[in-house]
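Here the structure is laid out as structure tokens; the discussion comes afterwards.
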Amino acid sequence: MRRIAIFDTKPYDREWFDKQNTAYELVYFENKLNEKTAVLAKGCDAVCAFVNDDINKAAIDILYENGVKLIAMRCAGYSNVDFKAAYGRINVVRVPAYSPYAVAEHAIALLQTLNRKIHKAYNRTRDFNFSLIGLSGMDLHGKTVGVIGTGKIGRVFIDICRGFGMKVIAYDLFPAKDAGIDYVELDTLLSASDVISLHCPLTEQTHHILDAQAFSKIKPGAYIINTSRGALIDSEALLQALNDGTVRGAGLDVYEEEADFFFEDFSGTIIRDDVLSLLVSKPNVILTSHQAFLTEEALENIAFATMNNLDEFFSGAFLTNEVCYQCDAGKVVENCRRKEGKRCF
Ligand code: NAD
């Protein structure tokens, strides 16, 4: 029986992988996959990894030396995998979509909580404090939301915002034709939006897409929502913009240094990250620890799609969800094997 090492697992991952598993010996590790832990996969045919694993060249070398043939990412994003190092040695697959609704709905939850101050109201009423002073929000109806990245999640988010009666504008490097979306330049989006929500991937181009310069252009009093990747925002610049009132509030499901903290309980320790501590301490910041994906439907779909990815790989079939550092980097690859219906290598 093929052995699959599944890293960075929690009880909810195990529950859904065990339910969907039909053909494999699943070996669960709580550790994140990185160059120090890669050796744990010795004797396994594939590894399954998640958003905060660090699958750099050193980790890939160790996996390869120990016989691992496939890295099955159980997430959509893959900025934490060194594809160049994997190319030609270990195939990489991912789960491109498991529930755009889960993430888009969480983005809305962050916005609504911030705007209507539900987090403050919850604490007040638990203390029998029924005062409304300081809890005013704004109507979302009629406000402008700027959506950066109009892929699967961005579009669900747009639909929900339209349901609220918001005006939607968007920026995307690859605007969708015939989608009925009002695309604008990034600077226009920054200066015109009452709410800015990030739904693009983390790439070299989008790293710190919201930096000090961008914050200097935004409409004063805008809300910032980030359910995409932490490093889309320069966190220190965001702190400054929150301090000077440029940003009215921030709803963050991701943080650029989250790999050191997210998914674990640090409640009994001192957090050695001043930026994170300052963000968490602000009443107009809601931080969740990369939980936007966490719905029953998404967990089921992730496990199901990962099993399909494994089945395809071990049966020798074409890999529907393969990621290749050449094609996915946007390079024109002559004689691209994927376009010929084959695996990347
Ligand atoms: P997608 O690939 O369907 O859409 C991404 C969109 O971003 C595309 O339209 C693409 O053209 C656009 N884009 C690419 N480069 C850009 C750039 N430089 N500037 C502007 N737009 C650009 O992806 P998706 O499924 O909608 O997911 C979006 C992101 O959400 C993922 O990359 C991932 O980082 C994040 N995500 C987060 C969670 C979570 O739990 N918080 C879960 C899943 C996905």
### Query
Is there a residue in segment 107-118 that is open to solvent by 20 Å² or more (accessible area, probe 1.4 Å) and within 15 Å of the ligand (Cβ to nearest atom)?
yes
### Message
Given the condition under 13 Å from ILE90 (Cα atoms), under 20 Å from the mean Cα position of the chain (by Cα) and either β-branched (Val, Ile, Thr) or not assigned by TED's automatic domain parsing to the domain that holds LEU202 (or both), answer yes or no: does some residue in segment 52-61 qualify?
### Response
yes
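Can you spot a residue in segment 79-99 that is touching a Leu at 6+ places or on another chain (Cβ under 7 Å), open to solvent by 40 Å² or more (accessible area, probe 1.4 Å), outside the structural domain of ILE196 (by TED's automatic domain parsing) and closer than 30 Å to LEU319 by Cα?
First pass over segment 79-99, keeping only residues touching a Leu at 6+ places or on another chain (Cβ under 7 Å): 79, 90-91, 93.
Those left that are additionally open to solvent by 40 Å² or more (accessible area, probe 1.4 Å): 79.
Filter again for outside the structural domain of ILE196 (by TED's automatic domain parsing), leaving 79.
From the residues that got through so far, the ones that are closer than 30 Å to LEU319 by Cα too are 79.
Yes, segment 79-99 has at least one match.
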### Task
Can you tell me which residue among LYS177, LYS167 is farther than 17 Å from THR206 by Cα, away from the ligand (no atom under 15 Å from the Cβ), assigned by TED's automatic domain parsing to the domain that holds ALA212 and open to solvent by 50 Å² or more (accessible area, probe 1.4 Å)?
LYS167
### Task
Give the residues of segment 271-300 that are open to solvent by 20 Å² or more (accessible area, probe 1.4 Å) and small (Gly, Ala, Ser), sorted by residue number.
SER277, SER281, SER289
### Query
Within segment 22-55, how many residues are open to solvent by less than 40 Å² (accessible area, probe 1.4 Å) and either over 17 Å from CYS75 (Cβ atoms) or at pLDDT below 95 (or both)?
10
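I'd like the residue in segment 125-156 that is under 26 Å from GLN205 (Cα atoms) and more than 9 Å from the ligand (Cβ to nearest atom) and, out of all such residues, is surrounded by the most Cβ atoms within 10 Å (Cβ to Cβ). Give the steps one after another, and end with the answer.
So the first thing to find is which residues in segment 125-156 are under 26 Å from GLN205 (Cα atoms), and the list is 144-156.
From what's left, more than 9 Å from the ligand (Cβ to nearest atom): 144-147.
Details: THR144: 17, VAL145: 26, GLY146: 25, VAL147: 28.
Looking at the filtered set, the residue picked out is VAL147.
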### Query
Applying the selection to segment 202-257, what residues are more than 20 Å from LEU186 (Cβ to Cβ), more than 16 Å from the ligand (Cβ to nearest atom) and assigned to a loop (DSSP other than H, G, I, E, B)?
ASP244, GLY245
### Task
Give segment 278-294 a look and list any residue that's within 14 Å of the ligand (Cβ to nearest atom), out of contact with any Ser or Thr (no Cβ under 6 Å at 6 or more places or on another chain) and in contact (Cβ under 8 Å) with a residue 60 or more places away in the chain, or say none.
THR288, HIS290, GLN291, PHE293, LEU294
### Task
Kindly indicate the residue of segment 180-201 that is open to solvent by 10 Å² or more (accessible area, probe 1.4 Å) and part of a helix (DSSP H, G or I) and also nearest to the ligand (Cβ to nearest atom) among those meeting that condition.
LEU186
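Considering only segment 258-270, state which residues are in a loop (DSSP other than H, G, I, E, B) and either crowded, with 17+ Cβ neighbours inside 10 Å or under 19 Å from the mean Cα position of the chain (by Cα) (or both). Break it down stepwise before answering.
From segment 258-270, those in a loop (DSSP other than H, G, I, E, B) are 261-270; that's our starting set.
Answer for segment 258-270, where residues must be in a loop (DSSP other than H, G, I, E, B) and either crowded, with 17+ Cβ neighbours inside 10 Å or under 19 Å from the mean Cα position of the chain (by Cα) (or both): PHE261, PHE262, PHE263, GLU264.
Take the conditions within 23 Å of GLU256 (Cβ to Cβ), aliphatic (A, V, I, L, M) and either within 16 Å of the ligand (Cβ to nearest atom) or modelled with pLDDT of 95 or more (or both) and apply them to VAL103. Does it pass?
Numbers: within 23 Å of GLU256 (Cβ to Cβ): yes; aliphatic (A, V, I, L, M): yes; either within 16 Å of the ligand (Cβ to nearest atom) or modelled with pLDDT of 95 or more (or both): yes.
Against the criterion (within 23 Å of GLU256 (Cβ to Cβ), aliphatic (A, V, I, L, M) and either within 16 Å of the ligand (Cβ to nearest atom) or modelled with pLDDT of 95 or more (or both)), VAL103 qualifies.
The values are calculated or read from the model by the stated rules, or taken from the named source; none is laboratory data. Since we're looking at a predicted model, the values are computed, not measured. Positions of Cβ are generated from backbone atoms using ideal geometry, with glycine treated the same way; all protein chains shown enter the neighbour counts. Please note that ligands, DNA and RNA were not included when accessible areas were found on the heavy atoms of the full protein model with its side chains. Shrake-Rupley method; radii C 1.70, N 1.55, O 1.52, S 1.80 Å.
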